[in-house]
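Report on the structure given below.
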Amino acid sequence: MKHWMFCCKDVSQKISESMDRTLPLHHRMFIRIHILMCKYCLRFRRQLIILREAARKIDLSPEALDSALGLSQEARDRMKKTIEAQSA
Amino acid sequence: MVENKDAHPSKLPDPETWVDQYGDYLYRFALSRIKDPGLAEELVQETFLAALNSRKNFKGRSSARTWLIAILKHKIIDQYRKKKPEESREDMEIFPDGVDHMFDDKGSWIERPGKWNTNPMKAYEQREFMDVFYRCLSDLPKRLSKAFVMREMEGQSTEEICKNLDITATNCWVILYRARMHLRHCLDVNWIAQ
C-alpha cells in the first residue's frame with residue numbers, strides 16, 4: 001500500500017487535523033513534502049486558513065458594523081421587561 | 001475571538017444592564033447578517049433569553065460581549081436554516097456527511113480546489129463573503145456547523161468541543177474535517193465562481 005503522504009484524501013485530513021492539534025514532526029514533514037508537489041492540497045491548506053481568519057476576525061470587527069443603527073426604544077423596553085420577568 | 005487580556009476571568013454584568021450595554025451592538029451585528037430589522041430585534045431578544053438561561057456556563061474567559069455574540073451567531077445560523085424551503089431541508093438530511101465522494105479510488109481530488117483570487121479580508125468583499133459564508137454554514141448538517149462555529153468562530157479547543165458535544169477527540173477531528181471540506185467546497189462553488 002502506498003504511504004499516506006502520496007494520497008490527497010489522507011493529506012487533506014491531516015492538514016485539517018493540524019489546525020486542531022500539534023501533529024508529530026514527521027507528519028508535518030510529510031504534509032510539507034506533499035504540498036510542495038501538489039498545488040491542490042496547497043490551495044486547500046491556504047483556504048482552510050482563510051476560512052479560519054474570516055471566521056475569527058471579520059465577524060467580530062465592530063468597524064464593519066453601522067454605528068448609526070440601534071435598537072428602537074420600544075424593542076429596548078420590551079427586552080428589559082422580558083429579561084426582568086425571566087430572571088425574577 | 002476577543003480574548004480577555006488580563007488573567008482575571010471577566011464577570012458577567014447584571015442581566016438588567018444587558019440591553020443598555022450590549023443591545024445596540026448585538027442588533028447591529030444581527031442586522032449585518034439578517035437584513036430584516038424586526039427579525040434582527042427578535043434574534044437579539046432570543047439571544048438575551050438564551051444567555052439568561054445559560055448564565056452558569058459563562059466562564060469568563062472571554063468578555064461578556066464576545067459570549068453574547070457567540071450565542072447570537074448560533075441563532076443567526078438557525079435562522080438561515082429556517083429560511084430554506086422544506087425541500088432542501090430534506091436534502092440536507094440525506095446530505096452525505098462524509099467526503100468519500102470528493103475523491104477518486106486512489107484518493108485524488110475529483111473536484112480540485114479552485115483558485116481563490118479574491119481575499120475575503122478586504123473590507124469591500126466582507127459583506128458578500130460573509131453572506132455566502134453563512135449560507136454555506138447553514139447548509140451543513142447541524143452537528144458539523146455547530147462544531148465548526150465552536151472551533152473557528154469561538155476559538156474553543158477541541159477538548160472543550162468534545163466535552164460539549166459529548167464525542168471523542170478522534171470523532172471531533174473527523175467532524176471538523178468534514179465541516180471544513182463541505183464549507184470550502186460550498187464557497188468554491190458559490191462565492192468564487194460569481
| Of all residues in the stretch B:61-96, which are modelled with pLDDT under 60 and of a type in the set (Val, Ile, Thr)? | B:Ile94
| query | So which residues in the stretch B:44-66 are part of a helix (DSSP H, G or I) and away from chain A (no Cβ under 12 Å)? | reply | B:Lys56, B:Asn57, B:Ala64
| message | Tell me whether the stretch A:49-62 contains one or more residues that are under 29 Å from B:Cys136 (Cβ atoms), part of a loop (DSSP other than H, G, I, E, B) and modelled with pLDDT under 95. | response | yes
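Residues are listed down the side, and each one gets a yes or a no for (1) more than 17 Å from B:Tyr80 (Cα to Cα); (2) at the interface with chain A (Cβ under 9 Å from one of its Cβ atoms); (3) touching a Leu at 6+ places or on another chain (Cβ under 6 Å); (4) surrounded by 14 or more Cβ atoms within 10 Å (Cβ to Cβ):
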residue	(1), (2), (3), (4)
B:Glu16	yes, yes, no, no
B:Val19	yes, yes, no, yes
B:Ile34	no, no, no, yes
B:Glu41	no, yes, no, yes
| request: For residues that are more than 13 Å from chain A (Cβ to nearest Cβ) and part of a loop (DSSP other than H, G, I, E, B), scanning just the stretch B:131-166, find the one that is farthest from the chain's Cα centre (by Cα). | output: B:Asp166
| message | Please go through the stretch B:19-53 and give me each residue that is polar (S, T, N, Q) and modelled with pLDDT of 90 or more, ordered by number. | response | B:Gln21, B:Gln45, B:Thr47, B:Asn53
| request: Determine if the stretch A:29-36 includes at least one residue that is at pLDDT below 95 and either more than 7 Å from chain B (Cβ to nearest Cβ) or under 27 Å from B:Ile161 (Cβ atoms) (or both). | output: no
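The values are calculated or read from the model by the stated rules, or taken from the named source; none is laboratory data. Because the structure is predicted, anything quoted here is derived from the model rather than measured. Here the Cβ is made from the backbone with ideal geometry for all residues, glycine too, and neighbour counts use every protein chain on show.
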